[in-house]
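The values are calculated or read from the model by the stated rules, or taken from the named source; none is laboratory data. Treat the numbers as computed from the prediction; the structure is a model and nothing was measured. We place every Cβ from the backbone using ideal geometry, glycine too, and count neighbours over all the protein chains shown.
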């Protein structure tokens, strides 16, 4: 498969419209359409956005491998969102977030 086919397949498999994906990635809907119909090749920054959003490798997006998760951590989209927020926090807030998560974990374990 080529880049256009791969990008379109990922979007469709995720149940997204071109408009919704463009909003998620911060690019225009016409740009998504152009990528999917092969009229334009994505810039590196767009490929990175796709790889991050779909949690796959750029090698997969460019057709260099058939295994999109090869060499990638197996995180869900929700886990990736949490990780992005965590990375944007300063070290003090990261520690607070970790303490809060551990408190929630202990509370959940005690309920079982």
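Note on the stretch 53-78: residues that are at pLDDT 80 or above and assigned to a helix (DSSP H, G or I) total 6. When the stretch 1-22 is filtered for residues that are under 13 Å from the mean Cα position of the chain (by Cα) and loosely packed, with under 14 Cβ neighbours inside 10 Å, only 14 remains.
Scanning the stretch 28-44 turns up at least one residue that is under 18 Å from the mean Cα position of the chain (by Cα), surrounded by fewer than 15 Cβ atoms within 10 Å (Cβ to Cβ), modelled with pLDDT of 95 or more and in a loop (DSSP other than H, G, I, E, B). Kindly evaluate residue 15 against the criterion of being on the phi > 0 side of the Ramachandran plot and either in a loop (DSSP other than H, G, I, E, B) or at pLDDT 85 or above (or both). For residue 15, the condition - on the phi > 0 side of the Ramachandran plot and either in a loop (DSSP other than H, G, I, E, B) or at pLDDT 85 or above (or both) - is met. Can you tell me which residue among 83, 89, 97 is more than 18 Å from the chain's Cα centre (by Cα) and modelled with pLDDT under 90? Exactly one of 83, 89, 97 is more than 18 Å from the chain's Cα centre (by Cα) and modelled with pLDDT under 90, namely 89.
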